[in-house]
Amino acid sequence: MIDFFVGSFSQYYGLDYAAMVLQILQMWRLSSKRRSGFLFGLLASFAWIVVNVIAGIWPGVLLGFVMIVINLRGLIQWKKD
């Protein structure tokens with residue numbers, strides 16, 4: 001089982017784990033009504049884009065860009081309120 005995690009970590013340079021942690025932090029911060037959640041979401045999206053490019057998952061790359069736009073929109077909308 002440890003070989004699975006080591007292999008996964010080395011295959012994507014640990015970006016998949018970083019993206020996962022950033023996305024968890026995003027949801028935690030947003031559920032606590034903290035604007036910084038959008039910043040964690042932006043970082044997570046960038047990390048997922050890199051992972052998906054390495055893996056050749058092009059719909060995942062597209063989703064990453066869509067999530068960036070959604071996070072930027074949320075950040076801007078939050079400033080207005």
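The values are calculated or read from the model by the stated rules, or taken from the named source; none is laboratory data. Just so it is clear, the structure is predicted and the values come from calculations on it, not from any experiment. Here Cβ is always computed from backbone atoms with ideal geometry, including for glycine, and neighbour counts include all displayed protein chains.
Quick notes on this one:
- Residue in the stretch 30-51 that is more than 13 Å from the chain's Cα centre (by Cα), within 21 Å of TYR12 (Cβ to Cβ) and not in a helix (DSSP H, G or I) present: no
- Residue count for the stretch 35-81, restricted to those that are modelled with pLDDT under 95 and at positive phi: 0.
- Contact annotation: residue pairs with Cβ atoms under 9 Å, 6 or more positions apart or on different chains, pairing a residue in the stretch 47-65 that is within 13 Å of ALA18 (Cβ to Cβ) with a partner that is assigned to a helix (DSSP H, G or I) and charged (D, E, K, R), are ALA47/ASP16; TRP48/ASP16; VAL51/ASP16.
- Residues (assigned to a loop (DSSP other than H, G, I, E, B), under 16 Å from the mean Cα position of the chain (by Cα) and either of a type outside the set (Gly, Ala, Ser) or under 30 Å from LYS79 (Cα atoms) (or both)) located in the stretch 1-29: TYR12, TYR13
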